[in-house]
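**Q** Sharing a structure with you now.
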Amino acid sequence: MRHIRTAALGAAMLALIVSACSLGGGGQASKGTIASQLVLAGPPECPERPFCLKGLTGTYGITFKEFKPTDPGGPITIEALKKGDAQVGLLFTSDPAIAVNGFVLLKDDKQLQLADNLVPVVRQAALDANPVIEDALNAVMAKLDQAALTDLNKQVTVDGKAVPEVAKAWVEAGGFSFSGGSGSVTVGSTNFYEQEILGEIFAQVLEQAGITVERKFQLGNREIVFPALESGEIDILAEYAATALEFVNAGAGEASTDPAATVVKFNEHLASRGLVALAFAAATDQNGFVVTKATADKYGLVSISDLAKPAP
Amino acid sequence: MDLLRGVATWFSDPGNWSGSNGVPWRIGEHVVLSALAVALAVAIALPAGLAIGHTGRGERIATAVAGLGRAVPSYALLILFVPLFGLGFSSALPALILLAIPPILVNTVAGIRAVEADGVEAGRGMGMTGVQVLARVELPAAMPAIVAGLRTSAVQVVATATLAALVAGGGLGRYIVDGFALQQDDRILAGAVLVAFLAIGTDRALTAAQRRFERRPGSIPIGAPGAPGAPSSPFAPPGPSAV
């Protein structure tokens, strides 16, 4: 008798727990956001960083089902997306892997990321000698959108094409035609392939304009290359607005999510150094959240804020 | 000194002892992953080693394969496995199994081969079948060498299981990888200390097991490593300093 009662009580408890679990689970699935069904992959520091998970929660009100610590915009994050272990990944916005794998870069519609738009920095003296430099580089920047930059990176790092060849094709397709240049300038770059591609594009456009160009690429990191620009060893360098501003102001926190305001601030710091930042491009190289094509289609994702919408 | 104080503070913070990122949970993950890897490695390497040692066939190939296995870094295997098996333990486990196999395989083969021919012949003379000779004469005599291989494997696996954290796996490597990413030296060192203690503990436990086999009454000491005239084990068990 006692055994039967105990068994009945046990069964009742079990039924209660099972029904509670299924109710709880069901409720979550129907009421949750899209993000609550997805896994985010990013570098281990992501949960603590304002430009990563912390910002996604604070600015966008997004909470993911799970965060998986992988690598900073590297192969493990990419494989996790391809394998389906994660649906959202943090990559750099100009990473060719985005195009190669058909990932969809979600629009940062609430401007979480600082404006690391590409911007040419030129020595004022070179600009005074050849005013055509400004027109030529502005025209290049006007054509450099995100798709263009990502494709240039892909041709070099994925397809294995030579930088001068890739730059030549892009310059020819752009139909740039400037003239009236004279004398010579030196174009530099850090040892980052993206900057070398841009440096080569600058060089070819300026050569078309009649200027003799010396190339000093792969010089090292910003700590080496920027002083070379200030001392006149090089005259032109492709930079990233927010990061370069925080470099020249020693991390004063003046960079913002607005590229125009960031470039204005950048120029305030550059004037005393005999340098000037020209027009910035639409293309950026900053943190970007990507999803696979399948995930984007399934949930209709275009912007990061779409992740906060209720799940279908 | 500041760093040591930081590590002490880290260990005394109750927040680091609870939840799915707490020390007990992370140790549990680490132990489960390591134990599973070693157990599966034994399941593969022990029968293979016994067969090769007993028949004497394929010994060179086994040694070559084991040498190759030891030469390929676990980190490289781990990264290669992510596209195949996905993130976390599903990639870490096969990488650790491949790390654990060579010492067990080589020591098993060497242990069986080192059993003196007199003992084997006496067994055959008594009318034992090949399997009986293997089970009653060769295996007991080779047991200390096999356990020594197991010990080497287990210590290597416990130390290397930290790599799982690089591919979003759990375990004690989480503290080291996260600490590095967040530039928190105290967390890195705390993780390293925990891994070291776990590896030393594993080594001690298996050393005790190895001694028990060496002294077991009724076991045949012929050819046991350490016995006079016996060839030394190709895998000398590492001391704690090898961690």
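**Q** I want the antiparallel fraction of DSSP beta bridges within the protein assembly as shown, as a percent rounded to 5.
**A** So the antiparallel bridges amount to about 55 percent of the total.
**Q** I would also like to ask the following. Lys and Arg at +1, Asp and Glu at -1: add these up for the other residues within a Cβ distance under 15 Å of residue A:224 and post the number.
**A** -3
**Q** Next up: For the Cα atoms of chain B, what angle does the longest principal axis make with the long axis of helix B:74-85, in degrees from 0 to 90, nearest 10?
**A** Roughly 80 degrees between the two axes.
**Q** Oh, and also: Please report the antiparallel percentage of DSSP beta bridges with both residues in region A:118-277, rounded to the nearest 5.
**A** Beta bridges within region A:118-277, antiparallel portion: roughly 55 percent.
**Q** Pairs A:65/A:309; A:54/A:82; A:143/A:265; A:107/A:309; A:83/A:293; A:54/A:265: which exceed 18 Å Cα-Cα?
**A** Values: A:65/A:309 14 Å; A:54/A:82 25 Å; A:143/A:265 24 Å; A:107/A:309 15 Å; A:83/A:293 13 Å; A:54/A:265 26 Å.
Over 18 Å apart, Cα to Cα: A:54/A:82; A:143/A:265; A:54/A:265.
**Q** Apply the Karplus parameterisation 6.51 cos²θ - 1.76 cosθ + 1.60, with θ equal to phi minus 60°, to every residue of region B:182-191 and state each ³J(HN,Hα) to the nearest whole Hz, in sequence, with x for glycine and proline.
**A** Taking θ as phi minus 60°, the curve returns 9, 6, 10, 5, 5, 5, 4, 5, 4, x Hz for region B:182-191.
**Q** Within a Cβ distance under 13 Å of residue B:66, other residues only, what is the Lys/Arg minus Asp/Glu net charge?
**A** In short, +1.
**Q** Okay, moving on. Amide H to amide H, which residues 5 or more places from residue B:170 or on other chains are under 5 Å from it, using H placed in the peptide plane?
**A** Residues meeting the amide H criterion: B:89.
**Q** Hey, what did chain A get for relative contact order, percent, Cα under 8 Å, at least 6 apart?
**A** Details: 578 pairs, mean separation 86.5, N = 312.
Taking the mean separation of contacting Cα pairs over the length of chain A, I get 28 percent.
**Q** Using packing as a proxy for protection, rank A:240-249, B:115-124, B:175-184 so that the peptide with the highest average count of other Cβ atoms within 10 Å comes first. It would help to have the intermediate numbers written out before the result.
**A** Details: A:240-249: 22.2, B:115-124: 15.8, B:175-184: 19.2.
Per-residue Cβ counts within 10 Å, averaged per peptide and sorted highest first, yield A:240-249, B:175-184, B:115-124.
**Q** A further question on this structure: In percent, how large is the relative contact order of chain B, given Cα pairs closer than 8 Å and 6 or more residues apart?
**A** 25 percent
**Q** Once the other residues with Cβ under 10 Å from the Cβ of residue B:169 are scored (Lys, Arg +1; Asp, Glu -1), what is the net sum? It would help to have the intermediate numbers written out before the result.
**A** Working: positive: A:68, B:174; negative: B:29.
Charge balance near residue B:169 sits at +1.
**Q** Mind pulling the angle between the C-alpha long axis of helix A:222-231 and the longest principal axis of chain A? Nearest 10 degrees, somewhere in 0 to 90.
**A** It works out to around 20 degrees.
**Q** Next question, about the same structure. I want the antiparallel fraction of DSSP beta bridges within chain A, as a percent rounded to 5.
**A** Given both bridge residues lie in chain A, the antiparallel proportion sits at roughly 55 percent.
**Q** Using only atoms on other chains, find how many Cβ atoms lie within 10 Å of each Cβ of peptide A:83-95 and report the average.
**A** Average neighbour count from other chains, rounded to a whole number: 2.
**Q** Further question: Partner chain Cβ atoms within 10 Å, averaged over the residues of B:78-91 - can you pull that number for me?
**A** That works out to 4 on average.
**Q** Using the Cα gyration tensor of region B:1-43, with a ≥ b ≥ c the square roots of its eigenvalues, what is the shape: rounded (a/c below 1.5), prolate (a/b larger than b/c) or oblate (neither)?
**A** On the way: a/c = 6.64, a/b = 2.27, b/c = 2.92.
Since a/c reaches 1.5 but b/c is at least a/b, the shape of region B:1-43 is classed as oblate.
**Q** Given R₀ = 56 Å, what would the calculated FRET efficiency be for residue A:249 paired with residue B:90, taking r from the Cβ atoms and rounding to 0.05?
**A** FRET efficiency, residue A:249 to residue B:90: 0.75.
**Q** Another question, if that's okay. Roughly what angle does helix A:132-143 make with the longest principal axis of chain A, taking Cα atoms, 0 to 90 degrees, to the nearest 10?
**A** Between the helix axis and the principal axis of chain A, the angle is about 20 degrees.
**Q** Continuing with the same structure: What does the highest-first list of A:80-89, B:65-74, B:43-52 look like by mean Cβ count within 10 Å?
**A** So the order, starting with the most tightly packed, is A:80-89, B:43-52, B:65-74.
**Q** Moving on. If I ignore ligands, DNA and RNA and count only protein heavy atoms, how much of residue B:3 is accessible to a 1.4 Å probe, in Å² to the nearest 10?
**A** Rounded to the nearest 10, that gives 80 Å².
**Q** Heavy atoms of the protein only, probe of 1.4 Å, neighbouring chains included. What is the accessible area of residue A:132 in Å², nearest 10?
**A** So the heavy atoms of residue A:132 present about 20 Å² to solvent.
**Q** Residue by residue through region A:76-85, what is 3J(HN,Hα) from phi via Karplus (6.51 cos²θ - 1.76 cosθ + 1.60, θ = phi - 60°)? Round to whole Hz and write x for glycine and proline.
**A** Per-residue couplings from phi come out as 5, 4, 5, 5, 4, 5, 5, 7, x, 6 Hz.
**Q** Show me the ranking of peptides B:142-150, A:256-264 by mean Cβ neighbours inside 10 Å, starting with the highest.
**A** On the way: B:142-150: 27.4, A:256-264: 17.9.
Averaged packing, sorted descending, gives the order B:142-150, A:256-264.
The values are calculated or read from the model by the stated rules, or taken from the named source; none is laboratory data. Not measured: the values here are computed from a predicted model. Every residue, glycine as well, gets a Cβ built from its backbone with ideal geometry; the counts of neighbours run over all protein chains shown. Ligands, DNA and RNA are excluded from the accessible area calculation, which covers all protein heavy atoms including side chains. Shrake-Rupley method; radii C 1.70, N 1.55, O 1.52, S 1.80 Å.
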